[in-house]
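Each remark here refers to the structure printed beneath this line.
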Amino acid sequence: MAENEGPVTVDDLPMSFQVKYLGQSDARGLWGIKHTRKPVDLMVAAAKALPPGQVLPIVKLTITVDGVHLETLNPLKSEYENMAVLFNIESISYGVQDLVYTRVFSMIIVKDNADVKGLNPFECHAFVCESRNAARRLTYSLAAAFQDYSRRVKEMQATTELDERPPRMKKKFAIDLRSPEEIEADLETEA
């Protein structure tokens, strides 16, 4: 399923991908390829420097309307364990297929400790997909989840305007659906 081309809609969710987890690194901003570029470069360099025989952890990454679910694969049992992490859709501010490493998908998470003085609230997580098309499909899947979340926020705001209560959900997020070549061309025109 991950190799299919074309748009992904909310009806296609949940979608699961088996990926290698590159890891996480601090990001300097909320959204934009400029804020995932350096963290991804650092994580790829660290992965390339792993000692022989050490491999990146394999995870099942599932995109749902609620967010991104990670489940780790137990290599001894060849099955996914219940050790899982959920990044709520509200905490994800950006997702993109990397323009240099086109099999890499990365996303920026806004950490809960964003209000704590002196701590960086932005974290970039990166994953190596089985193919360039799988990374693209994963990006489309997150875009569908963002679209559904945006729809829910608008519905919530419409009902709260009638009730005169403050809105509970307010979120800005971005997904970059341009091809790596289009992103690269844009970056060159900015320079």
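Taken together, the values in this text are just the output of simple stated rules run on the coordinates, not laboratory data. Note that the coordinates shown come from a computational prediction; the quantities given were computed from them, not determined experimentally. Using ideal geometry, Cβ is built from the backbone for each residue, glycine included, and neighbour counts are taken over all protein chains shown.
Taking the highest mean first, how do the peptides 14-21, 132-139, 41-48 order by number of other beta carbon atoms within 10 angstrom per residue?
Going from most to least packed, we get 132-139, 14-21, 41-48.
What's the ranking of 25-31, 94-100, 58-64 by average number of surrounding C-beta atoms within 10 Å, highest first?
94-100, 58-64, 25-31
Tell me which residues come under 5 Å, amide H to amide H, from Arg28 once H is placed; ignore anything under 5 positions away on its chain.
For Arg28, whose amide H was placed from the backbone, there are no distant partners under 5 Å.
Could you pull out the pairs from Lys38/Lys154; Lys38/Lys60; Lys38/Lys111 whose alpha carbons sit more than 27 Å apart here?
Over 27 Å apart, Cα to Cα: Lys38/Lys154.
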